[in-house]
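Only the coordinates and a few stated rules stand behind these numbers; no lab work does. Owing to the predicted nature of the structure, the values given are computational and were not obtained by experimental measurement. All Cβ positions, glycine included, derive from the backbone under ideal geometry; neighbour counts span all protein chains shown.
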Amino acid sequence: MANESTTNINEASQNKKLESDALNREVKSAEAEINRLEAELARKKAELLSQQQEAHGDQRKEQEIKLDAIIKEEMPSTGGAVPADDSSPVPPIVDDLSGEEKLRLHQLKKMDKESQLKFLINISFQKGLDEGVKLLRALNNPHITDAFHDQLTDKFYKQLIEEKRIEEA
């Protein structure tokens, strides 16, 4: 009888262990599904944002004119060079960003460096330089800032020459 009781206890213990293992597998499976869905959601949000950016492509000329005016206004005597005592404002606090800007920043942080750069340049041409710089500062990455400056300067300079707004130096 004692042997039978011990057998029942062992079987119950094994059953509980099997149930626990099965539950752990279900939890891991659910976590994997959640991760997959989050990645798919992020991809779809980026895709939607890209489609919205394409829809605003008509505003590009206006933004280029604004960019030209800002560059002339901000750096009239330096010929485009940054002054030695650059007193740029502190990067904005993420809480100061709008909901849409926070979404863009969140998407930016998930991208590789090259994609971040392309995204910031597109935003600058489509939404305005202020928007691009605001996101750039919130990203707070000096390497991206340097590459952004180089890319934007080259791209913008070439476009101004093509549009015959300036002569090639």
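Structure data summary
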item	result
Backbone HN-Hα couplings from phi across the stretch 11-25 [Karplus 6.51/-1.76/1.60, Hz, Gly and Pro as x]	5, 5, 5, 5, 4, 5, 5, 4, 5, 5, 4, 5, 5, 4, 5
Charge dipole magnitude, Cβ of K and R +1, D and E -1 - the stretch 1-55, Cα centre, debye nearest 20	140
FRET E, pair residue 47, residue 137, Förster distance 22 Å, beta-carbon r, rounded to 0.05	0.30
Förster radius 41 Å - calculated FRET efficiency between residue 10 and residue 40 (Cβ-Cβ, nearest 0.05)	0.35
